[in-house]
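Heads up, the thing below is written out as structure tokens.
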Amino acid sequence: MAAQAPRDRHGRAAGKIVEAPFTPAADRRSALDRAHRGDIVGALGRVGSHDTAPRRGWRRRLTALLAVMGPGVVVMVADNDAGGVSVYAQAGEDHGFFLLWLVVALVPVLYLIQEMAARLGAVTGAGHARLIFERFGRRWGFFALSDLLVLNLLTLITDFIGISLALDYLGLTRLVAVPVAALALIAVGSLGSFRRWERAMFVLIALSLVFVPVAVLAGLHHPPTQGLAGRQAGPLPGLALMVVAIAGTTVAPWQLFLQQSNVVDKRITPRWLPYERVDLAIGTALFAFGAVAVLVAAASVGEGGNGGAFVDAGRIAAGMGQSLGPWAGALFAVALFDGSLLGAAAVTLATAYALGDVFGTRHSLHRRWRDAPLFHGSFALTLVLAATVVLTPGVPLGLVILGVQALAGVLLPSATVLLLLLCNDRTVLGPWVNPRWLNLVAVLVIAALLEVSALLTLTLLDPQVAVLPAGLALAVLLGLGVAIYLLLHARSRRSAPFAGTPWERATWSMPALESLPPPARSAARTVGLTVLRIYLFSAGTLVVVKIAASILGH
């Protein structure tokens with residue numbers, strides 16, 4: 001008789017034990033999977049768990065990189081989904097090239113945030129949702145989970161809107177396109193094979209590069225230098241909202257949950273972190289090429305600087321078809337469809353991973369329906385719900401996209417604050433905690449995210465608010481807060497550095513999560529998290545009420 005899975009202190013099945021690389025033989029798995037428990041199995045290769053030899057020579061290192069590659073590339077390229085394409089296209093069409101600097105500036109920020117999530121996954125072997133529940137308690141855990149579920153469902157709806165717009169341009173009605181796309185995503189996620197799922201994602205990633213030639217050809221047809229002088233930033237309130245939207249779509253909470261759990265599911269350990277960082281860097285470069293290409297293409301072909309001409313990404317495809325020829329519009333529509341499909345697959349998987357973490361059930365792409373019914377069931381249910389909303393007659397899809405952008409911008413700081421605290425927990429990460437310079441950068445990034453979130457909230461409360469003075473005042477307040485934080489922690493005692501060998505550090509992993517002592521109580525941390533929770537709840541409620549009122553009055 002198989003032994004029952006151990007329970008954590010909340011009474012849930014211990015997810016790490018259930019989904020650890022070396023699972024009990026009593027688990028119902030395929031013969032191939034049982035034979036290779038603990039191997040890193042990817043779309044481009046495999047590394048056996050018995051392979052502990054040093055990776056000397058470029059061929060062996062390339063083999064390891066190809067086997068590890070996947071989580072970083074998938075999570076980054078999937079960020080250019082329907083919401084991302086819509087935001088970057090609107091930035092280009094409404095504001096020309098003015099906001100190109102912001103997209104470029106957010107690229108290293110995105111890499112650093114995702115590197116922390118990947119490191120947490122490799123070292124702890126636990127998903128992001130489970131770590132939050134264990135280290136911050138059930139209240140913060142359910143708060144973070146509810147944020148994620150709401151945002152993911154709304155993001156998934158925008159991805160199906162993107163699928164509908166793209167295929168509508170290509171002549172396929174949404175009554176056919178949306179259900180077929182949902183069924184295809186369910187089928188790919190239910191294969192019970194991590195390698196096959198990742199291969200499907202790699203095909204979509206390769207197809208996403210269509211954005212680049214479209215941008216190049218658009219730039220050659222309408223050289224950017226011809227329109228730069230005449231294109232203005234646009235009205236200041238609209239510009240502030242666009243800044244918030246770009247930040248919200250570039251650094252999305254679902255990415256943290258997907259990256260960390262996907263690293264665990266692929267069985268990547270601390271030894272392979274250097275290769276995972278390269279994987280993440282490649283994904284970041286592909287994301288940057290795609291995002292910049294969309295903005296440049298829209299700015300080159302669109303009117304730019306007229307402060308509000310943008311309607312949706314489908315109109316961008318139509319504009320390219322009129323300006324450059326039908327082939328250009330078709331290529332943009334194909335790229336929009338591809339990005340929306342990839343984004344939908346990624347967001348849905350992040351939801352299924354998080355629910356499996358919270359309820360302590362099996363949640364892995366290695367498992368089939370009969371072994372992980374909650375995992376696959378939640379995967380399918382979220383796709384069906386999102387598709388149903390998009391197919392409902394009379395739903396103002398443009399307002400739904402606006403609501404997702406606004407809500408993501410307001411709730412953005414929550415995930416980054418929890419991520420930073422986890423990455424400084426020595427009980428969890430041991431020698432892999434953040435270095436000082438990364439903490440400083442992360443604090444500054446969080447301060448900037450809080451400012452854009454607060455600006456959006458102020459704009460919703462009073463559309464006529466003076467954005468520039470409000471932004472300067474918030475910057476001063478946040479600057480004082482950062483200075484106080486740095487002063488309080490400048491002389492704080494740090495734990496003794498890790499004294500082991502490089503190999504011991506590379507092979508160090510977190511002990512069983514259930515056995516870890518609870519984090520030390522801190523009055524400053526409790527007050528800070530409470531204030532943040534109250535602000536996020538109030539601002540999020542305000543956004544939902546405003547968008548709901550707009551939809552009802554539509």
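The values are calculated or read from the model by the stated rules, or taken from the named source; none is laboratory data. Just so we're clear, the structure is a prediction, and the values are computed from it rather than from any experiment. Here the Cβ positions follow ideal geometry from the backbone for every residue, glycine too, while neighbour counts run over all protein chains shown. The area values use the complete protein model at the heavy-atom level, side chains included, leaving out ligands, DNA and RNA. Shrake-Rupley method; radii C 1.70, N 1.55, O 1.52, S 1.80 Å.
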Legend entry - Inter-probe distance in nm under a simple model that places probes 7 Å from Cα toward Cβ, at Trp101 and Trp58: 3.8 nm
Inset, instruction - Return the distance in nm (one decimal) between the two label points of a simple spin-label model at Arg521 and Leu207, each offset 7 Å from Cα along Cα→Cβ. - result: 5.5 nm
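What's the ranking of 265-278, 320-333 by average number of surrounding C-beta atoms within 10 Å, highest first? It would help to have the intermediate numbers written out before the result.
Values: 265-278: 21.6, 320-333: 19.4.
Per-residue Cβ counts within 10 Å, averaged per peptide and sorted highest first, yield 265-278, 320-333.
For segment 306-382, what is the accessible area per residue in Å² when the probe is 1.4 Å? Can you show the working numbers first?
Details: 2390 Å² over 77 residues.
That works out to 31 Å² for each residue.
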